[in-house]
Each structure stands twice: as structure tokens, then as C-alpha cells.
Amino acid sequence: MATDTYVTEVAFGNDVITTTVTSSGAAVEGWLREVRSAYGAGLIVGLDVEWRPSFSASQNPVALLQLCVDRRCLIFQFLHADYVPGSLRRFLANPGDCFVGVGVDKDAERLSDDYGLPVANTADLRPLAAQRMGCPGLHQAGLQAVVRAVMGVDLVKPQRVTLSRWDAYCLSNEQIRYACIDAFVSFQVGLRLLRN
């Protein structure tokens with residue numbers, strides 16, 4: 001793998017998520033091949049994006065794309081990427097897979113606006129959780145509330161990490177953990193709500 005790629009393990013409860021952090025298009029291609037080979041078609045994929053917070057009217061472009069399938073997570077550093085692979089475009093545009101998250105439609109819109117990457121099939125976890133849990137308040141909830149309702153787990157999201165420099169070339173261990181877990185719990189909640 002390229003030197004701008006490394007794999008780490010992130011623990012969350014009893015789960016260990018193998019996390020690939022990269023700015024290499026080739027590494028993204030490899031991750032997508034491995035996931036497709038291991039899990040086939042019709043995937044549920046946790047999707048999230050991060051960008052450097054902006055305190056003006058204009059928004060900064062998406063800095064990170066996080067994808068998670070089962071216990072495999074990809075963190076792709078768009079702003080430092082050598083190229084955006086066509087296989088990523090095809091993966092996101094595949095209507096046979098379902099990309100899940102809280103506010104995932106806004107994330108998909110950002111990917112399309114910033115990088116011309118349309119996401120074909122999204123499912124916002126909030127209305128699904130509201131219906132399944134019989135709790136209308138979840139329609140407007142954040143990820144923490146949805147995770148608590150569906151998984152019974154308290155998700156810690158420190159504001160200093162939420163508002164950190166997501167455009168940094170070297171992400172901190174805290175940032176990697178935060179980014180990975182957001183995508184992982186989105187996948188887990190999606191799995192429970194869509195497959196059970």
C-alpha cells in the first residue's frame with residue numbers, strides 16, 4: 001500500500017473496526033474490491049462526511065468520506081488525494097447498495113456538489129428509527145440520540161473533535177476514532193432498522 005495509507009484498529013464496545021485511513025486512490029480501489037469480495041452485492045453501508053468547520057457563510061469542501069461495512073471502515077482524505085477513483089463513483093452510484101446515516105441526504109448532496117459524486121440510494125436513519133421505536137422525536141434527532149434509542153449505547157462526541165481540523169494531512173487518533181465510529185454506528189443502526 002502507498003505510504004499515505006495506514007490501517008489501524010478502532011475499538012467500540014466489544015467491536016474492533018479495521019480502519020483504513022488514506023489519501024490514495026489506489027488504496028480506496030483496494031478497499032472497495034475487498035468489501036465487494038467479502039460481502040457481495042446489496043450492501044448496507046454506513047456513510048458520513050466531515051469538513052473543516054467554517055464560521056462564515058461559505059462552507060469548506062468535504063475533507064473526509066467515511067464508509068463502513070460490517071467491521072471494515074474506510075476514511076478517505078479527499079483534500080489530499082492523488083485522485084478520486086472511478087470505482088468509488090460506481091460504488092456510490094450503485095442503486096443496489098443502501099447508504100445510511102443521520103442526515104445522509106445532506107452528506108450525499110455535499111459529495112455531489114463538491115466532487116461530482118452522486119449517491120444513488122440513501123436512507124436517513126432518523127425517520128426509520130422514529131417509526132420503528134415509536135418515538136416521533138427521533139425525526140429531528142442527532143446521531144447520539146438515534147444510537148441510544150436503537151442500540152442502547154451512549155455515543156460520546158467531544159465538541160473539540162467535532163470542530164477540529166478535518167482538513168489536516170495527519171489526522172489525530174481522536175479524529176480517526178470519531179470518524180470511524182460515526183460510520184460504524186450508522187452501519188449498525190442501519191442494519192438493525194433495515195434488516196430486522
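Please work out which residue is surrounded by the fewest Cβ atoms within 10 Å (Cβ to Cβ), limiting yourself to segment 121-144 and to residues that are under 15 Å from the mean Cα position of the chain (by Cα) and not in a helix (DSSP H, G or I). It comes out as 142. Each residue in segment 158-196 was checked for being of a type outside the set (Gly, Ala, Ser) and within 19 Å of residue 72 (Cβ to Cβ), and 18 of them qualify. Residues in segment 2-55 that are on the phi > 0 side of the Ramachandran plot and either in contact with a Ser or Thr (Cβ under 8 Å, 6 or more places away or on another chain) or without any contact (Cβ under 8 Å) to a residue 24 or more places away in the chain (or both): 40 only.
Does segment 145-158 contain any residue that is touching a Pro at 6+ places or on another chain (Cβ under 9 Å), not hydroxyl-bearing (Ser, Thr, Tyr) and not in a loop (DSSP other than H, G, I, E, B)?
There is no residue in segment 145-158 that is touching a Pro at 6+ places or on another chain (Cβ under 9 Å), not hydroxyl-bearing (Ser, Thr, Tyr) and not in a loop (DSSP other than H, G, I, E, B).
Residue-wise test of (1) of a type in the set (S, T, N, Q); (2) more than 12 Å from the chain's Cα centre (by Cα); (3) over 24 Å from residue 172 (Cα atoms).
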position	(1), (2), (3)
15	no, yes, no
44	no, no, yes
47	no, no, no
67	no, no, no
76	no, no, no
93	no, yes, yes
98	no, yes, yes
103	no, no, yes
106	no, yes, yes
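Scanning segment 31-71 for residues that are modelled with pLDDT under 95, among the aliphatic types (A, V, I, L, M) and surrounded by fewer than 16 Cβ atoms within 10 Å (Cβ to Cβ) yields a count of 2.
Okay, residues lined up against (1) crowded, with 18+ Cβ neighbours inside 10 Å; (2) within 22 Å of residue 193 (Cβ to Cβ); (3) touching a residue at least 60 places away in the same chain (Cβ under 8 Å):
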{"residue": "73", "(1), (2), (3)": "yes, yes, yes"}
{"residue": "80", "(1), (2), (3)": "no, no, yes"}
{"residue": "90", "(1), (2), (3)": "no, no, no"}
{"residue": "99", "(1), (2), (3)": "yes, yes, no"}
{"residue": "105", "(1), (2), (3)": "no, yes, no"}
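The values are calculated or read from the model by the stated rules, or taken from the named source; none is laboratory data. Nothing here was measured: the structure is a model prediction, and the numbers come from that model. As a convention, Cβ positions derive from the backbone with ideal geometry for all residues, glycine included, and neighbour counts pool all protein chains shown.
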